[in-house]
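Working notes for the structure below.
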Amino acid sequence: MAKYIVEQSGPLRGEVTISGSKNAVLPILAATVLSEGVCEINDVPHLLDVEVMIQILRSLGADVSEDWDSHTVVVTPGQSTVSEVPHDLVKKMRASIFVMGPLLARTGSAVIALPGGCSIGNRPIDLHNKGLRLLGARILTGDGIVEASAPNGLRGSLVYLDFPSVGATENIMMAATLAQGTTTIENAAEEPEIVDLANFLNKMGARIKGAGTDTIRIEGVQHLHGTRHAVIPDRIETGTFMVAAAISRGDVLIKNSVPDHVRPVIAKLLECGAVVNDEVDGLRVRGDVKDLVATDIKTLPYPGFPTDMQALFMALLTTVDGTSAVIETVFENRFMHAAELSRMGANIRVDGRTAIVPGNKHQLVGARVISTDLRAGAALVLAGLVAKGRTEVSEIYHIERGYEGFHDKLSALGAKIERVED
Ligand code: UD1
């Protein structure tokens, strides 16, 4: 298994270009199941998770061609009516569940292994199921499998989500595009990835209004056609390089970023004393202007502070002056990285959903640490850049699931990082 060897590096300097969004492209690829024509997706990041989604589409009968030089994926729907997703693919990626809504709407049935929990929490799919049931689907779960069917098609309905779940909003929105009548999703998630998915579906002929607000209306249509779409830039990768600039006390220009998508990250970096400028070419982040200080973080659904940025910010907060509180409200168990950061010298105390993070510019020391999930792994790499000595980050397949060319992009900014096979 591969790992990263990270040495204490100086301030990161230079430019980095952000890839297409992982969390936008996964549901967009799943949504091609709804199409009767060819879909061309541009700005697709080359990630392990994307490869798994492509395998899923192939297993469902689609013809998929990918060109990673141009970051383009072309999906041609097949004639087959397969509606069962292979178990081994679901095990590799939770986001496999995104094909449930599209499959159900297109073929009248979907059989998928239950994705189960992961290191950040239980991650149930009850809200996905609740929404699809309200659209008229019959859903049975048992033996680790979810079986959904709608032999007479789906009907539009009012769906109130008890929590604005990103995945449930996306699954229900996709299924509703081909339902008879109008669906309204209330307390919907408002993330930019939902807007991107709605834009893609609308280009295919869907009628969706309100994506990006808490109420989404979908008027069902009979057919969706092929289209071409470019994926939005990855806001979490953007935030990761913003934190990389700050933690290394560097100066980095982040190209292909959408400042509006990272407002809470900008706000928190400013509170810490970093300088963030929205320049013509991208976002410029400087951590070398004044001493950085503590600030408190509370994760919330969009437009609140993203849970996916929590671990990365925690790494930064271990290096600033003063003590910060980090409160995680979205996932129940997303503090595994706190123990790993503590192995590097940070003395973090976790009590329930709150972590108390004492900061000190010189406290981190290199250690052997484990990447427990995607963002935790990236956070440990960033901590390794400023820790004295050498840090070994293992289980980096988590990182490679969601960051395209992470170590190459960091190296180009001056980071001392090497990928080695164990
Ligand atoms: C998506 C993102 C992930 C991000 C998360 C929150 C993708 C591929 N992944 O994950 O990177 O961290 O949004 O911003 O887009 N929940 C339920 N029942 C459900 C569904 C969710 O209780 O049916 C709970 C979850 O356990 C969690 C919370 O709702 O506590 C948020 O989950 P959700 O918004 O659904 O996250 P994902 O779509 O899985």
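Figures for the structure shown
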| quantity | calculated |
| --- | --- |
| Hits in the stretch 176-231 (condition: surrounded by fewer than 24 Cβ atoms within 10 Å (Cβ to Cβ), among the polar types (S, T, N, Q), closer than 21 Å to residue 135 by Cβ and under 24 Å from the mean Cα position of the chain (by Cα)) | 187, 202, 213, 215 |
| Residue within the stretch 212-230 that is within 30 Å of residue 10 (Cα to Cα) and either in contact with a helix residue (DSSP H, G or I) (Cβ under 6 Å, 6 or more places away or on another chain) or within 16 Å of the ligand (Cβ to nearest atom) (or both) present | no |
| Tabulated pairs, the stretch 201-222, first part of a helix (DSSP H, G or I), second of a type in the set (Ser, Thr, Tyr) and surrounded by fewer than 17 Cβ atoms within 10 Å (Cβ to Cβ), C-beta under 9 angstrom, 6+ apart or interchain | none |
| Search result, residues across the stretch 401-421 that are assigned to a helix (DSSP H, G or I) and either of a type outside the set (D, E, K, R) or more than 16 Å from residue 6 (Cα to Cα) (or both) | 401, 402, 406, 407, 410, 411, 412 |
| Matching residues in the stretch 223-245 - criterion: being over 22 Å from residue 266 (Cα atoms) and either assigned to a helix (DSSP H, G or I) or among the basic types (Lys, Arg) (or both) | 228 |
| Considering residues of the stretch 57-90 that are without any contact (Cβ under 8 Å) to a residue 24 or more places away in the chain and outside any loop (DSSP other than H, G, I, E, B) only, the residue farthest from residue 136 (Cα to Cα) | 67 |
| Any chance residue 238 is crowded, with 23+ Cβ neighbours inside 10 Å, in the same structural domain as residue 263 (by TED's automatic domain parsing) and among the β-branched types (Val, Ile, Thr) | yes |
| Subset tally (residues that are away from the ligand (no atom under 11 Å from the Cβ) and either assigned by TED's automatic domain parsing to the domain that holds residue 306 or surrounded by fewer than 22 Cβ atoms within 10 Å (Cβ to Cβ) (or both)) for the stretch 151-175 | 8 |
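The values are calculated or read from the model by the stated rules, or taken from the named source; none is laboratory data. All of these numbers come straight from a predicted model, not from anything done at the bench. Every residue, glycine as well, gets a Cβ built from its backbone with ideal geometry; the counts of neighbours run over all protein chains shown.
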